[in-house]
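For reference, the structure discussed in these notes is given below.
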Amino acid sequence: MGGVEDDEPASKRMKLSSEALIHLSNGSTVKESIVGSSRDLMARPPQSDGGEEVVGSKGVIKKVEFVRIIAKALYSLGYIRSGAHLEEESGIALHSSIINVFMRQVLEGDWDESVATLHNIGLTDEMIIKSASFLILEQKFFEFLDEEKVMDALKTLRTEISPLCINHGRVRELSLSIVSPSHCFTVRSPKQNTSRARSRTKLLEELQKLLPPTVMIPERRLEHLVEQALGLQRDACMFHNSLDEEISLFADHQCARDQIPSYALQILPAHTDEIWFLQFSHNGKYLASSSHDCSAIIWEVDANGISLKHKLSGHQKPVSSVSWSPDDHQLLTCGVEEVVRRWDAPSGECLSVYEKAGLGMVSCGWSPDGKWIFSGVNDKSISLWELDGRELECWKGQHTLKISDLEITSDGKQIISICRETAILLLDREAKVERFIEEDQTITSFSLSRDNRFLLVNILNQEIHVWSIEDDLKLVSKYRGHKRTRFIIRSCFGGLEQAFVASGSEDSLVYIWHRGTGELIEALPGHSGAVNCVSWNPTNPHMLASASDDRTIRIWGLNNLSAKQKDTHGNGIHYCNGGT
C-alpha cells in the first residue's frame, strides 16, 4: 500500500500533502489546498450534474455510485492518473471535500482535528461516531506511549477515551498498558516490534470499515460485486460440476449437460444376488458394496477404472450396510440383525466381530477419530464399542429401528438414527439433548451431507426431503420423480460442492436433481432391476456409482472419459460405452 510505511514509528512519519493522498488505497484525489476549518464544510455525497441519472438497461444503477466505484477500483489497481482523470471528466468526486480533509488529518496525526471533523461529516448514528472516535484516540494514546509521553497518554485515556463510555474491556487493557507494557494488547503488525500503535494507513482502513459505504466506499467493492455476480451465475448453472470450468467476464456462464456423469463407463457384476448398499471411501480411492449374497466387496478406483480388490466373506446373513473408517484403512460391514465386522481394507482380513448375546445389529458407524464404533441394535438401543470389541456405553430406549441408517457428525457430538417410523433422532452425546425430525410419512432411509449441515431423507410417499440440522430443524427442499413402493431406496448428495442429489428408484433408473433448484436433470437407464443405492465419489464429481437388484454396480461418468470397449475380464468387470 502507498502512503505511510507500516514499519515506521507512527510519530516519526512525514506529513502528507493533499497531492500524496492519491497514492492511498482509499483513492482520494485532493488536488487543491483545503482552506478554512473542517467545521465550515458540509458532509454530503458527491454530486454530479446528472443528479439521479441511471445507467444500464434495468434502470437500477445510479450513475454517481457507478462512477465512484469504478474510480475506487482504478485507484486500488494502482491506476492513479486514470482514476483522477475519471473524476475530472465525469465531474463526480470519489469522496467529498470533508472526507478528504478527514483522511488527511488521520494520516498526518492531527487527532483532535480529525475527531472534530468526524462530528461534522453528517453521521446520524451516534455509536458509529463514538466507535470511530475511540479508534482515533486509541491511536493517539499509543503514539504518546511510543514517544514515552506517559502523562499525555494517561490524560488522553482519562479525559477523551473513557468519557466515550464504550468498549470498557478495551479501556481496562489500555490502563494496564501504562502500568506494564507486557499487559498491552496491541494492534500493531508483526513487523512493528517496537511500536504499540498501528500504522496510520491501517487505522484509516479500520475507520473505513466503520463509516457508511456512501461516505467511504469499501475496499475492493467492484471486485466484490463482480465475484458475487459470477457466483450467482455459477449457482444458477444447472450443470456446473467441474473445478476446471473457467468463468469468464466476457460472457454469461453456462455449462453443458456433459458435465453430469450420465454414461455407464463400467458394469461390475461380481455379486451373486441383489446389491443393497454401496459407499465410496472418503479419499475416493475405494468403493465398498454389500449384498443379499451375505458378502461385501472392496473395489479399487484408479485411472484405469474400478477393479475388485477383496471379497469379504464371513457373514451368515445378508449384509445391509458398510461404513468406511475416517482414514479409509478399515471397513465396517453390518449383517441383517446379525453382527458387525471390522475389516482391514488393504489385506481384506477380518479384525473384529461385534455382537450382543440374543440380539442383532442393524446399523454401524465410526467415531470421527476412528477410535470407537457405533452400532444400532434390534432392541432399539445404540451401542458404543472399543475397537477390541468391548462395549463402552449403551443408549437404551427408542433410539433406532430394525431398519435404520446411522450417522455420526464429524465433531462426534451427534448420533443420528431413525427412532420411529416417522421420526429421526439427533442425540447430542455431550449435552444429552434429543432433537427430532418429524415427518408425516414413514422414513425409509437418510444420509448426512459432507458439511454436517443437512440430512437427505427418503420418504414412503416417493419424496426426498432435505432438512437443515445446523440450528433449528427446518425442511428446506423436496425432490420428486423417482419410484418407491416396496423397497428401501437410498439417495445421496454429490457432485462439485455437493450441488446435486442422486437417488435410486424401483423403475431401474438413476435420478439426478439440481440441489438448489430441485429440477430433475437426468434419469439414467441401464439397470434391469430396482436401483437400491447410489454413491457419488467425494473427490471426483464426475464419478457416480449405483447398485441394483440386477446384481450389478454401474459406474457412471462423462462421455469423453469412457473407457475403450473391452471384453469381460477375469475380475468380473465389464467396460462399456453406455450400453447394457
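The values are calculated or read from the model by the stated rules, or taken from the named source; none is laboratory data. Since this is a predicted model, take the numbers as computed values, not measurements. Every residue, glycine among them, receives a Cβ derived from its backbone with ideal geometry; neighbour counts consider all protein chains shown. In case anyone asks, the SASA skips ligands and DNA or RNA and just uses the protein heavy atoms, side chains included. Shrake-Rupley method; radii C 1.70, N 1.55, O 1.52, S 1.80 Å.
Numbers for the structure displayed
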| read-out | value |
| --- | --- |
| Percent accessible area from carbon and sulfur atoms, the range 375-454, protein chains only, probe 1.4 Å | 44 |
| Pairwise FRET efficiency - Leu520 versus Glu434, Cβ, R0 = 45 Å, nearest 0.05 | 0.80 |
| Heavy-atom surface of the range 95-216, accessible at 1.4 Å and reported per residue (Å²) | 46 |
| 12 Å beta-carbon shell around Thr333, net charge (K/R +1, D/E -1) | +3 |
| The range 258-560 - accessible surface per residue (Å², probe 1.4 Å) | 38 |
| Fully extended contour minus Cα-Cα distance, from Thr539 to Arg390, at 0.36 nm per residue | 50.2 nm |
| Mean-position separation - Cα centroids, the range 429-455 and the range 153-179, in angstrom | 49 |
| Gained length - Thr214 relative to Asp411, 0.36 nm times residue gap less alpha-carbon distance | 66.7 nm |
| Cut-off under 5 Å, modelled amide H: who pairs with Leu312 long-range | Ala296, Ile297, Ile298 |
| Too-long pairs where the Cα-Cα distance tops 18 Å, listed order kept, from Lys311/Lys356; Lys356/Lys396; Lys285/Lys317; Lys149/Lys209; Lys356/Lys380 | Lys311/Lys356; Lys285/Lys317; Lys149/Lys209 |
| Euclidean distance of C-alpha centroids, the range 481-514 and the range 59-93, integer Å | 50 |
| C-alpha center-to-center spacing [the range 282-297, the range 112-131] in angstrom | 66 |
| Paramagnetic label zone (point 7 Å from Cα along Cα-to-C-beta, Arg221; backbone N under 11 Å) in the range 72-91 | 72-73 |
| At 0.890 mPa s and 25 °C, Stokes diffusion of the range 258-560 via Kirkwood alpha-carbon radius, µm² per second | 129 |
| Value of relative contact order over the range 258-560, rounded to a whole percent, pairs C-alpha under 8 Å and six or more apart | 16 |
| Long-range amide H partners of Leu509 with built H, under 5 Å | Val531 |
| Accessible-area composition of the range 108-172, carbon plus sulfur, in percent [1.4 Å probe] | 52 |
| Sites Val55 and Thr272, calculated FRET efficiency, Cβ-Cβ separation with R0 60 Å, nearest 0.05 | 0.30 |
| Built amide H within the under 5 Å cut-off of Gln266, gap 5+ | Ile555, Cys576 |
| Estimated distance in nm for a label pair at Glu246 and Val476, the labels positioned 7 Å out from Cα along Cα-to-Cβ | 3.3 |
| The range 244-319: GluC sites (Glu not before Pro) falling in loop per DSSP and having at most 14 other Cβ within 10 Å | Glu246 |
| Computed E for Arg158/Ala229 - FRET, C-beta separation, R0 56 angstrom, nearest 0.05 | 0.65 |
| Sum of side-chain charges, Thr422 neighbourhood, beta-carbon under 10 Å (Lys, Arg +1; Asp, Glu -1) | -3 |
| Heavy-atom accessible area order for Glu138, Glu522, largest first, 1.4 Å probe | Glu522, Glu138 |
| Note, ³J(HN,Hα) from phi for the range 424-434, Karplus 6.51, -1.76, 1.60, rounded to Hz, x at Gly and Pro | 10, 8, 10, 9, 7, 5, 7, 7, 6, 10, 10 |
| Net length gained if the chain between Arg170 and Arg450 were fully extended (0.36 nm per residue, minus Cα distance) | 96.8 nm |
